[in-house]
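Quick notes on the structure that follows.
Every read-out reported here was derived from the displayed coordinates using simple, explicitly stated rules and does not represent laboratory data. Note that the structure is predicted; figures quoted are calculated from it, not measured. All Cβ positions, glycine included, derive from the backbone under ideal geometry; neighbour counts span all protein chains shown.
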Amino acid sequence: MKSWTSTAVALLLLAGGCASYSNTENSSSQIAFGADVARKGLWREAAFRFEQAIAKDPKNARAHNNLAVALEASGEFARALTEYKKALELAPNDTYIRRNYARFAEFYTSYTRTTGKTAGAS
Amino acid sequence: MPRRTAAAAFALLLGAAPVWAGVSQVRLQLPLRPRLPLRGNERIVLAPFLIVAEAEKARDKRLQNVDLQAEFHRFLQKQLGKKTRLEVVEAPADIKLPTQNLTELTHAVDFWKALGNSTNADIIVSGSLEFKIEDRSGYKTEEYVSPINGQTYYRQVYVEQTGFLFDIVFLVFDGHSGEKLLQDEFKDFRQTGGRRADELQGLFENLFSLENQILNLFVAREREADRYIFTD
């Protein structure tokens, strides 16, 4: 009985492990990995993972949203804007994407707002 | 015993399982580009500011203790000296603004050009300052649910709210041409605990909360921002 239980537990663990890693090639797992490294502040790696996810599933709004955040964190604001717009186009009712886009738009507007004149230029 | 082992294995599996339908909040450090496109090492003159609240000052004795012009100049000079590479140049002690009207001040090109030439400054900062004690106390309508019949009524309650309001209009001029480079306004209201709050403390509370915005006129700053990322 004891050996049967041990075998069952080992098989369950093995099955769990396989389930986690069998789908490394799909967009979901790229997003999961990207989100994991993003939370550690590794935004370049995260952006690469989200780009991979988009390559596998171009209509994945979540991947576009995440890529936008990663690009924003890396200072690539113009590209971030494009990605936020794509995400919103694909999932116009998603609350999180809408919130992200609104906050980004506020930041980006103030970021690009300069006087256009330089001291001593005239 | 086998049951306990199975439960432990199940818990282990749960822990190892990915988070389904997850959203995570992340914090970003975003750069704020300076509002003025400067090299960073320009010579800057802090000209006097128009003081807007003169009438208010006469009414409120507490404001008479605050030399707004001197305190603001000292604050600005200190911040620019510490947090930028700008060279702060002293304005002539006897300098007098040509007008007490902000719009006219904006268009006083000759005055700013002359000041720029006499001090050899690249940029000149002026504008207007308003600091006042705002009493926002008064009756406000609030909802009230009766514990007797459970119905909702409206009642008037007296709410005491006093605070310090600080309003700065910044004017930045080109020291060589006298032309206006930028005009911007910052406002801050700090609510105080009671009616007897110290006015100088109130002033500096206002100024410190505006510090980032003021410095961002001249140099790049950072701000924190939260975003959502999907985890699957």
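Across the stretch A:23-107, Cα pairs under 8 Å and at least six residues apart give a relative contact order of 22 percent. Ranked by the mean number of other Cβ atoms within 10 Å of their residues, highest first, the peptides A:66-79, A:99-112 come out as A:66-79, A:99-112. In a simple Cβ point-charge model (Lys, Arg +1; Asp, Glu -1; nothing else charged), the stretch A:23-107 has a dipole of about 120 debye relative to its Cα centre. Across peptide A:100-107, the average count of Cβ atoms from other chains found within 10 Å of a residue's Cβ is 3.
Let me confirm one metric for peptide B:27-40, namely the mean number of other chain beta-carbon atoms within 10 Å of its residues' beta-carbons.
Mean partner shielding for this stretch: 4.
Averaged over peptide B:178-188, the number of partner chain Cβ atoms lying within 10 Å of each residue's Cβ comes to 2. By the count of other C-beta atoms within 10 Å, a proxy for reagent exposure, A:43, B:112 are ordered fewest to most as A:43, B:112. Both numbers refer to the Cα atoms of the stretch A:23-107; Rg and Dmax are 11.7, 37 Å.
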